[in-house]
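The block underneath contains the structure these notes are about, expressed in structure tokens.
What follows draws every value from the coordinates through simple rules; no lab data is involved. Computed from a predicted structure; not experimentally measured. Neighbour counts run over all protein chains shown; Cβ positions are idealised from the backbone, glycine included.
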Amino acid sequence: MINSLIAKSEFVGLEAAAHFATGGESPMLRSHESVLQQFMHDKSQGESARELQHAVLNEARAQCARLFKVAARDITFLSSATEGINTL
């Protein structure tokens, strides 16, 4: 039997399903719902929320840099694996 790192109940919409296609369509964690809701709220505020979005992005970049023990300037976020491959 395979043990999951995260319980199935922590995902949205998997109560009665198994999900194997993790490509670009992986199930969302329940813990991400509030973050997505906040992002959509901020985005709907238009230009006035741009500074907030950049602050959140920079904090995420700083957290990843600490995790990987690199400088924050060395961390970038891509919209997709395709973008990353094309960048190379």
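Taking amide H as placed 1.01 Å from N in the peptide plane, the amide H of Phe11 sits under 5 Å from that of Arg30, each at least 5 places away or on another chain. Dipole magnitude for the range 31-87: computed about the Cα centre from +1 point charges on Lys and Arg Cβ and -1 point charges on Asp and Glu Cβ, it is near 240 debye. Seen from Glu15, the other residues with C-beta closer than 13 Å to its C-beta sum to a net charge of +1, counting Lys and Arg as +1 and Asp and Glu as -1. Expressed as a fraction of 2.2 N^0.38 Å, the C-alpha radius of gyration for the chain is 1.37.
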